[in-house]
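The values are calculated or read from the model by the stated rules, or taken from the named source; none is laboratory data. If you're wondering where the values come from, they're calculated on a predicted model, not measured in any experiment. Using ideal geometry, Cβ is built from the backbone for each residue, glycine included, and neighbour counts are taken over all protein chains shown. We work out accessible area using only protein heavy atoms, side chains counted, and drop any ligands, DNA or RNA first. Shrake-Rupley method; radii C 1.70, N 1.55, O 1.52, S 1.80 Å.
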Amino acid sequence: MEARRYRIGELSKLSGIPASTLRLWTHRGLIGSHRTKGGHRLFTERDLRWVMHARDLTQGRYMTEQLAN
């Protein structure tokens, strides 16, 4: 059975994090993504959990830079 993958819009909707922020975090290496042949980003269940955890921490006034350490 293949693991669930999420497109950036789905990840954004589920996590409440704007797609532009997810792209920035991907660019900075905070989260990984895989690309389809068509170039769409795909994220794993693990990525979703990390993003939701990061959301919870940033709402608690933590800086995203600290999350990378």
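At a glance:
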read-out	value
In segment 37-48, residue nearest to LEU11 (Cα to Cα) [restricted to those that are part of a loop (DSSP other than H, G, I, E, B) and open to solvent by 40 Å² or more (accessible area, probe 1.4 Å)]	HIS40
Hey, GLU65 among the acidic types (Asp, Glu), modelled with pLDDT of 90 or more and open to solvent by 70 Å² or more (accessible area, probe 1.4 Å) or not	no
Matching residues in segment 1-35 - criterion: being open to solvent by less than 80 Å² (accessible area, probe 1.4 Å), touching a strand residue (DSSP E or B) at 6+ places or on another chain (Cβ under 9 Å), closer than 13 Å to VAL51 by Cβ and of a type in the set (A, V, I, L, M, F, W, C)	ILE8, LEU11, LEU22, ILE31
